[in-house]
Amino acid sequence: MITIGIIVAILVIAIIWAVSVYNGLVNKKVSVQEGWSSIDVFLKKRNDLIPNLVETVKGYATHESSVLQNVVEARNLSGKAQSAKEQGVAESAMQNAMMNLFAVAENYPDLKANANFISLQQDLNALEDDIEMARRYYNGTVKENNVAIEVFPSNVIANAFKFEKAEFFEIQNASEREVVKVNF
């Protein structure tokens, strides 16, 4: 009778452990989805802001149409991205296009002094900060999720219920990882 009680107790403990691990994995998966959703919201805000910025610059820099076209194409690429990897590629294109746009703006003092342009630039900078924080949060949740899926013994439950690792949101342009050399 005692042996049956011990076996039942071990089974109950094993079931409670399995349910706890399963719930933890689901929680981590949902956190990854939430993190990606936050990035998506900020990217949508930025993509909504960019046409206003392009229109403002267009009024001053009419012969810089290729730069403006690159910004629009980068915005469209960002809007079509479906995965973290695709979004990373789109972000690299967006960063390059925006750097070129602001470089063009430097050549137009009236544009740099335009209140609408200044406001849009400040809004864009604030959104970029929000996107950076959302990326950090997302990558942190991806790390926790992926570790939980790979480590023993939770990997047993993860494999049994087909939990999948998530992709990190990484910089796709290798030159952005390089240390900038500053000469005085």
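The values are calculated or read from the model by the stated rules, or taken from the named source; none is laboratory data. These numbers come from a predicted model, not from an experiment. Ideal geometry is used to build each Cβ from the backbone, glycine not excepted, and the neighbour counts take in all protein chains shown. Calculation scope for accessible area: heavy atoms of the full protein, side chains included, ligands and nucleic acids excluded. Shrake-Rupley method; radii C 1.70, N 1.55, O 1.52, S 1.80 Å.
The set of residues in segment 102-119 that are of a type in the set (S, T, N, Q), in contact with an Asp or Glu (Cβ under 9 Å, 6 or more places away or on another chain) and free of Cβ contacts under 8 Å to residues at least 24 places away in the same chain is empty.
Within segment 131-160, residues that are under 24 Å from Glu91 (Cα atoms) have Cβ atoms under 6 Å from residues that are open to solvent by less than 50 Å² (accessible area, probe 1.4 Å) and small (Gly, Ala, Ser) in these pairs: Ala134/Ser38; Tyr137/Gly35; Tyr138/Gly35; Thr141/Ser31; Thr141/Gly35; Val142/Ala166; Asn145/Ala166, counting only partners at least 6 apart in sequence or on another chain. Looking across segment 108-129, the residues that are in contact with a helix residue (DSSP H, G or I) (Cβ under 9 Å, 6 or more places away or on another chain) and loosely packed, with under 14 Cβ neighbours inside 10 Å come down to Asp110, Asn116, Ile118. Screening Tyr138 against (1) surrounded by fewer than 18 Cβ atoms within 10 Å (Cβ to Cβ); (2) within 14 Å of the chain's Cα centre (by Cα); (3) modelled with pLDDT of 90 or more; (4) of a type outside the set (A, V, I, L, M) leaves a single unmet condition, (1). Screening Met94 on (1) open to solvent by less than 20 Å² (accessible area, probe 1.4 Å); (2) over 18 Å from Glu64 (Cα atoms); (3) under 14 Å from the mean Cα position of the chain (by Cα) shows it passes everything except condition (2).
Out of everything in segment 143-178 that is aliphatic (A, V, I, L, M) and either within 13 Å of Ile39 (Cα to Cα) or in a loop (DSSP other than H, G, I, E, B) (or both), what residue ends up being modelled with the lowest pLDDT? Applying the filter and picking the extreme gives Ile171.
Residue count for segment 12-49, restricted to those that are among the hydrophobic types (A, V, I, L, M, F, W, C) and open to solvent by 100 Å² or more (accessible area, probe 1.4 Å): 4. Scan segment 56-81 for residues that are at pLDDT 85 or above and open to solvent by 60 Å² or more (accessible area, probe 1.4 Å) and the total you get is 7.
Listed by first and then second residue, the pairs linking a residue in segment 38-60 that is under 16 Å from Ala134 (Cβ atoms) to a residue that is outside any helix (DSSP H, G or I) and among the aromatic types (Phe, Trp, Tyr), with Cβ atoms under 9 Å apart and 6 or more places separating them unless they lie on different chains, are Ile39/Phe169.
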